[in-house]
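Report on the following structure.
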Amino acid sequence: MTQKFTMDTSSTGECRRRTPDIETVREIGSRCSNWARWGADDQLGTLNNVTPANVVAAASLIRTGRVMSLSVPFGSGGPQHPGSGRFNPIHLMSVDGRDFMAGSGTPEERDRRRGYLQNADDILILPLQAATQWDGLAHVFFEQQMYNGYSASYVTSSGAQRNAITGAVDKIVGRGVLLDLPAVKGTSSLDPGYAIGAQDLEDACTDQGVTVGPGDFVLIRTGAMARVRERGEWADYAGGDAPGLGLDSADWLHERDIAGVATDTWALEVVPSETPDVSQPLHIIFIVHMGLWLGEIFDLEELARTCHEQARHEFFFAAQPLKVTGGIGSPINPLAVF
């Protein structure tokens, strides 16, 4: 496997590991790049790794018909907080039962006026990445470019003209694999700031008896949701220090031609960032260079229990984004089916 970080040589001839920086991001991004791999006009990125054969094979993993949602609730009690850059979903009732009860005339008269139909209606206001969600390929720019070399100028005030989330609306379906990192380490959750590397991922595969390969959707449990439940509040879940994927994981994931990766954390990658001069470097490497689809704020607790109960960490997975014209991200309700 390729050496992840270059080494500097001191005047004494001793080698030392270089502190990761912007040049590290460029180096990893260059060797993990998928630009033009699927053509100069490609806007799907790693979803090209999902083939009809992958989907058929994934369907064979359905044996009991047990279905579970991997989403957190979309409501006012969500993970966002002032300062996180986003707000929690706002759910409003535009018509409710009391509107009918407060109308004039007897209930019978009101029913006749409406042809006996009564109804409720509601409105949802939310940032598209407020809760469980996919980052689309137009979400991140690096040096004024996004995935496949498209200019950042293609994302305007009316939305993404290239790499929009709509390209994925019928693509995110196939084999899901859970890698439960705390289970490997004998703990309920990884410590904030823990950077998950290639060896951690390899150890999880060995411990849990799975392989990761082309077209897979890899779900990585850090125990972040367990930590939230233990303390009874979200606190600094959104934006605070957290475990997550480290720079050392990039080559491992790239070499396996996965379709997407998701975690139970707010940022997917480790916080604080390993690069003092670059915020969220893996978003640059994964989204801009690899065209890798990233899922965040997944609830993997029930999934982990089920995987351990059934002694298998693979399942049928589906998590379609909404068909938001020009969208750069999307709320989702991911499903795992056993």
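Normalising the Debye intensity of the range 161-309 to I(0), with uniform scatterers on Cα atoms only, and taking log10 at q = 0.10 Å⁻¹ returns -0.33. Projecting label points 7 angstrom from Cα along Cα→Cβ for Arg18 and Val67 puts them 5.1 nm apart.
Over all pairs of different C-alpha atoms in the chain, the reciprocal of the mean inverse distance, the Kirkwood hydrodynamic radius, equals 21.4 Å. Amide H contacts under 5 Å for Ala242: Gly193, Val271, restricted to partners 5 or more places along the chain or on a different chain, H placed in the peptide plane at 1.01 Å from N. When the P(r) of the range 49-208 is calculated, the portion above 19 Å amounts to 77% of the C-alpha pairs. In whole percents, the pair-distance distribution calculated for the range 217-278 from its alpha-carbon pairs, binned every 10 Å from zero, is 21, 47, 27, 5.
Subtracting the Cα-Cα distance of Leu124 and Thr211 from 0.36 nm times their residue separation leaves 27.4 nm of extension gain. Not counting the cut sites, what is the longest span of the chain without trypsin sites (Lys or Arg not before Pro) that DSSP labels loop and that have at most 13 other Cβ atoms within 10 Å? Between exposed loop sites, the widest span is 115-322. Put simply, the amide H of Val72, placed in the peptide plane, has neighbours under 5 Å in Thr132, Asp299, leaving out anything fewer than 5 places away on its chain. Evaluated with a Cβ-only charge set (Lys, Arg +1; Asp, Glu -1), the chain carries a dipole of roughly 780 debye about its Cα centre, given to the nearest 20. 3J(HN,Hα) along the range 168-185: 9, 5, 10, 10, 8, 8, x, 7, x, 10, 9, 10, 9, 5, x, 4, 5, 8 Hz, from the Karplus curve 6.51 cos²θ - 1.76 cosθ + 1.60 with θ = phi - 60°, whole Hz, x for Gly and Pro.
Backbone geometry of the range 119-132 corresponds, through the Karplus equation with coefficients 6.51, -1.76 and 1.60 at θ = phi - 60°, to 3J(HN,Hα) couplings of 7, 10, 8, 9, 10, 10, 10, 7, x, 5, 10, 6, 9, 4 Hz, x marking Gly and Pro.
The numbers here are math on the coordinates, done by the rules we state, and not lab data. This is a predicted model, so every value here is computed, not measured. In this analysis, Cβ positions are derived from the backbone assuming ideal geometry, glycine residues included, and neighbour counts consider all displayed protein chains.
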